1. Before we move on, is Thr143 polar (S, T, N, Q), surrounded by fewer than 18 Cβ atoms within 10 Å (Cβ to Cβ) and part of a loop (DSSP other than H, G, I, E, B)?
2. Identify, please: which residue in region 47-66 is assigned to a helix (DSSP H, G or I) and over 21 Å from the mean Cα position of the chain (by Cα) and is, among those, surrounded by the fewest Cβ atoms within 10 Å (Cβ to Cβ)?
3. Is it true that some residue in region 307-322 is at pLDDT below 95 and in a helix (DSSP H, G or I)?
4. Regarding region 98-109, can at least one residue be identified that is of a type in the set (S, T, N, Q), surrounded by 21 or more Cβ atoms within 10 Å (Cβ to Cβ) and assigned to a loop (DSSP other than H, G, I, E, B)?
5. Which numbered condition trips up Phe290, out of (1) crowded, with 18+ Cβ neighbours inside 10 Å; (2) modelled with pLDDT under 85; (3) farther than 24 Å from Arg228 by Cα?
6. For residues in region 243-261 being in a loop (DSSP other than H, G, I, E, B) and in contact (Cβ under 8 Å) with a residue 40 or more places away in the chain, which is surrounded by the most Cβ atoms within 10 Å (Cβ to Cβ)?
7. Out of (1) surrounded by fewer than 16 Cβ atoms within 10 Å (Cβ to Cβ); (2) modelled with pLDDT of 70 or more, what's the single condition that is false for Arg393?
8. When you go through (1) in a strand (DSSP E or B); (2) among the polar types (S, T, N, Q); (3) more than 29 Å from Phe3 (Cβ to Cβ) one by one for Gln117, which number turns out not to apply?
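The values are calculated or read from the model by the stated rules, or taken from the named source; none is laboratory data. Predicted model, so just to flag it, every value in this text is computed and none were measured. Cβ sites come from the backbone with ideal geometry, for glycine too, and all protein chains shown count toward neighbours.
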Amino acid sequence: MSFNELGLSAALVRAVSDQGYDTPTPVQAQTIPAILQGGDVIGVAQTGTGKTAGFTLPMLHRLMDSRPDGKGRPVRALILTPTRELAAQVQESVKTYGSHLPLKSATIFGGVGMQPQIQTLRRGVDILVATPGRLLDHMRQGTVDLSGVETLVLDEADRMLDMGFIHDIRKIIAAVPKQRQTLLFSATFSDEINKLAQGMLHSPTHVEVERTSSAAEIVTQTVHPVSRGGKRELLSNLIREGDWRQVLVFTRTKHGADRLAGQLEKDGLDSAAIHGNKSQGARTRALSQFKKGRVRVLVATDIAARGLDIDQLPHVVNYELPNVAEDYVHRIGRTGRAGHEGHAVSLVCVDELQLLKGIEKRIARSIDKRVVAGFEPDPSEKPEPLFKKPAGRRPGNGNGRGQPRGRRSAGAGRG
């Protein structure tokens with residue numbers, strides 16, 4: 001099947017061809033015809049499967065097919081994403097695939113000034129890509145009008161729920177017309193996602209193109225057992241000895257990301273960190289330099305790295321294992337894309353052995369363990385708790401992750 005056979009306009013097929021694509025991915029082959037028919041769609045697909053084009057192309061087609069005759073340029077399509085980086089990437093896809101169309105798009109997210117965004121919205125946009133928090137800020141100030149929205153897209157819906165955006169999402173849904181097309185995309189289809197979908201979608205077409213654990217099946221995975229204090233030296237050694245030129249490293253905390261990036265710099269490895277406490281400008285620069293090869297190691301937390309789309313990323317390192325096994329699958333899914341080889345390495349100390357067991361149970365396989373000579377784990381080390389209970393907290397107070405229930409601060413999340 002080719003894009004010509006999916007029913008897209010000639011301008012969109014041309015834009016796709018300009019990018020060197022002629023055959024749709026499985027998720028595109030299923031979602032594009034369903035969306036073109038005008039009904040609601042639930043897509044269960046991971047980042048890297050082509051889902052962004054899967055909803056962007058038919059959305060652009062439908063917007064051109066029903067352009068309003070009146071003056072002005074109301075927001076007609078709204079795309080919600082959990083993070084700034086993903087919002088910027090989706091906006092780039094909209095611009096790329098709509099390059100031969102007279103449609104305008106914009107992106108709004110936190111971490112940057114409101115005024116330039118307000119001016120852009122006043123000039124009018126057809127397609128708005130936004131993070132929930134900043135969109136609500138504009139709604140409160142009356143600087144955005146969502147009464148003309150024809151298509152609502154929730155991208156990475158599972159992560160938005162994880163980040164505590166459910167109440168924001170419900171407020172936004174209440175502000176858009178009930179008569180609309182709604183598209184929901186998620187890497188998993190949990191009970192929470194199902195409950196959300198039931199409240200906002202009408203008789204949706206359900207598309208699921210691959211199981212969540214597929215990345216864990218195609219990426220080469222290795223665990224290097226190591227002592228607590230030997231991780232950073234082992235990481236530097238692996239990068240140097242393997243001549244790794246582009247490495248995405250995951251830490252559990254923002255402070256840990258900053259500390260590790262600084263230590264790697266002292267080791268002579270060009271490094272940068274991205275996390276929720278970094279300004280948007282700093283995050284954008286770090287990601288750009290990493291993609292261009294000017295930064296060799298990018299150290300990130302889970303939330304900051306969600307949705308990162310880096311072509312042919314060869315190496316992902318779990319400097320610290322995630323507390324949630326599902327996040328391990330998301331992490332290693334950054335590599336091994338579009339048929340390219342990918343290698344995921346985890347540096348595991350004695351404190352993380354239980355987390356490792358949970359991950360292996362989640363992906364239904366045992367991960368290869370290899371001790372690196374000179375970095376053997378210390379047999380005298382005993383397991384210690386990774387997460388210590390804060391003093392003075394009452395049992396059962398909060399959500400068990402060190403934060404009160406409800407919406408989390410921007411960039412906060414699992415670690």
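1. yes
2. Going through the qualifying residues, I end up with Asp65.
3. Among the residues of region 307-322, not one is at pLDDT below 95 and in a helix (DSSP H, G or I), which makes the answer no.
4. No, every residue in region 98-109 fails to be of a type in the set (S, T, N, Q), surrounded by 21 or more Cβ atoms within 10 Å (Cβ to Cβ) and assigned to a loop (DSSP other than H, G, I, E, B).
5. Among (1) crowded, with 18+ Cβ neighbours inside 10 Å; (2) modelled with pLDDT under 85; (3) farther than 24 Å from Arg228 by Cα, the lone unmet condition for Phe290 is (2).
6. The extreme case among them is Thr251.
7. Result: Arg393 fails condition (2) only.
8. Gln117 satisfies every listed condition except (1).
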